[in-house]
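S.K.: Could you have a look at this structure, given as structure tokens, before my questions?
The values are calculated or read from the model by the stated rules, or taken from the named source; none is laboratory data. All figures in this text were calculated on a predicted structure; none of them were measured in a lab. Note that each Cβ is placed from the backbone with ideal geometry, even for glycine, and that neighbours are counted across all protein chains shown. To get the accessible areas, we keep the full protein, side chains included, count just its heavy atoms, and leave off ligands, DNA and RNA. Shrake-Rupley method; radii C 1.70, N 1.55, O 1.52, S 1.80 Å.
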Amino acid sequence: MIEEVVKDNIDKDGLWLVLTFRTPYGPGDTMDKLARAVESAGWKITFKANWWTADIPYGLVRIDAKKENKEKIILGKWILGKECKIIKVENLDLEKGKEEFFRIVDSITSTLIHDPVIRTMREQY
């Protein structure tokens, strides 16, 4: 299901492809499945990261990818559920995508803001 949605939407306009979905998998497996979907659509992954919270079972996967002279940032906003289900798909421009990314990372990492790794990663974007 994720592969089809990525394949159908990754070439559309907008730097950011934002997928909101339910997944029965943990954070690592969810990121791996989304990464495989990006690669199977013909894109090369240049960066990937995963943020999640244990308090409430939700998280965020970020994948940066290139294909020929194009770049795309894929955000997978996920919540744990009994089955895979796509809730929403959006293609966003640079500014709207950045706002969404920081909003979700902030909600997940608010208690971890003093972590130097997260602070360094946040400064890069």
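S.K.: I'm trying to understand the selection: among the residues of the range 1-15, which are surrounded by 14 or more Cβ atoms within 10 Å (Cβ to Cβ) and either in a helix (DSSP H, G or I) or at positive phi (or both)?
M.R.: Ile2, Glu3, Val5, Val6, Lys7, Asn9, Gly14 - these are the residues of the range 1-15 that are surrounded by 14 or more Cβ atoms within 10 Å (Cβ to Cβ) and either in a helix (DSSP H, G or I) or at positive phi (or both).
S.K.: Which pairs turn up if I take residues in the range 29-44 that are aromatic (Phe, Trp, Tyr) and look for partners that are open to solvent by 70 Å² or more (accessible area, probe 1.4 Å) with beta carbon separation below 8 Å, at least 6 apart in sequence or on another chain?
M.R.: Trp43/Lys66
S.K.: Can you name every residue in the range 9-64 that is of a type in the set (A, V, I, L, M) and touching an Asp or Glu at 6+ places or on another chain (Cβ under 7 Å)?
M.R.: Listed by number, the residues that qualify are Leu15, Val18, Ala37, Ile45.
S.K.: A further question on this structure: Taking the options Lys7, Lys48, name whichever one is without any contact (Cβ under 8 Å) to a residue 40 or more places away in the chain, out of contact with any strand residue (DSSP E or B) (no Cβ under 7 Å at 6 or more places or on another chain) and within 19 Å of Leu92 (Cβ to Cβ).
M.R.: Selected residue: Lys7, the only one of Lys7, Lys48 that is without any contact (Cβ under 8 Å) to a residue 40 or more places away in the chain, out of contact with any strand residue (DSSP E or B) (no Cβ under 7 Å at 6 or more places or on another chain) and within 19 Å of Leu92 (Cβ to Cβ).
S.K.: Oh, and also: For the range 16-125, which fully contained strands (runs of 3 or more DSSP E) count at least 1 residues that are open to solvent by less than 10 Å² (accessible area, probe 1.4 Å) and modelled with pLDDT of 95 or more?
M.R.: Output list reads 16-23, 58-67, 70-80.
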